[in-house]
Amino acid sequence: MTASSAGSEEHIKVSSQVQQGWGKFLLLGILMIIGGMFVVAMPLASTFAVTFVIASCLIAVGVVQLWHAFSVKGWKGVVWQVLLGLIAIVGGALIFYHPVIGTVALTLVVASIFVAQGVSQLMLSFALRPRDGWGWVLFAGLVSLGAGICIFYGFPLSADWVLGTLAGISIIINGWSYLAIGIAGKAS
């Protein structure tokens, strides 16, 4: 069996699974779109929920880093691993203890990432020019840069809605993708 025929068989296998379960994909997509709309409709509650999830992840990662640091004998990076683990645990605990401050800090991080991503995408688009698709990279860069600037411009009030709204939009887009898979599976 050649690599291309193996890939074709895998594609056929996935397609038949989608055809057989198209209704489940459709249902999942609809539920995700509805759920995402609720998340966007309640941005403050959603923002705090996202903040608590991030705090939980930081604490879990910190615990794992500490476990790793003490379980690998003779590793020269143990001091740094312990330090990183403690920083993650303390950071997560502080976000739990002061969720408003944690939300504000995370909003600033998100805005900074959007600005940095936007600038780098703009630079990449000019490096790609005149190749096909460079305009899409330019567009993506302008959107990222604009989003970051809008978040900074609206700060600190933007901290009330940014994280929850972004999470909701992500859920809605994922829901649309499952909805599209379900429709394609029914049409096949």
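Coordinate-derived values only; no laboratory data. Computed from a predicted structure; not experimentally measured. As a convention, Cβ positions derive from the backbone with ideal geometry for all residues, glycine included, and neighbour counts pool all protein chains shown.
What percent of all Cα-Cα pairs in the chain falls in each 5 Å bin, counting up from 0?
All Cα pairs considered, the percentages come to 1, 8, 9, 10, 11, 12, 14, 14, 12, 7, 2, 0.
Evaluate the distance, in nm, between pseudo-label points positioned 7 Å from the Cα of residue 64 and of residue 174 along their respective Cα→Cβ axes.
Modelled inter-label distance: 1.7 nm.
Show me the ranking of peptides 51-62, 156-167, 127-138 by mean Cβ neighbours inside 10 Å, starting with the highest.
156-167, 51-62, 127-138
For the range 43-135, rounded, prolate or oblate, judged on the Cα gyration tensor with a ≥ b ≥ c (square roots of eigenvalues), a/c < 1.5 rounded, else prolate if a/b > b/c? Working shown, then result.
Numbers: a/c = 3.51, a/b = 1.46, b/c = 2.40.
Oblate, since a/c reaches 1.5 and b/c is not below a/b.
Where the centre of each part is set by its Cα atoms, how far does the range 148-186 sit from the range 13-58, in angstrom?
11
Based on Cβ point charges of +1 for Lys and Arg and -1 for Asp and Glu, what charge dipole magnitude is obtained for the chain about its Cα centre, in debye rounded to the nearest 20?
260
In which sequence would 75, 22 go, from the one with the fewest C-beta neighbours within 10 Å to the one with the most?
Working: 75 13, 22 18.
With the sparsest Cβ surroundings first, the list reads 75, 22.
Please give the contour-minus-distance gain from residue 82 to residue 188: 0.36 nm per residue of separation, less the Cα-Cα distance, rounded to one decimal in nm.
Numbers: separation 106, 0.36 × 106 = 38.16 nm, distance 5.40 nm.
Length gained between residue 82 and residue 188: 32.8 nm.
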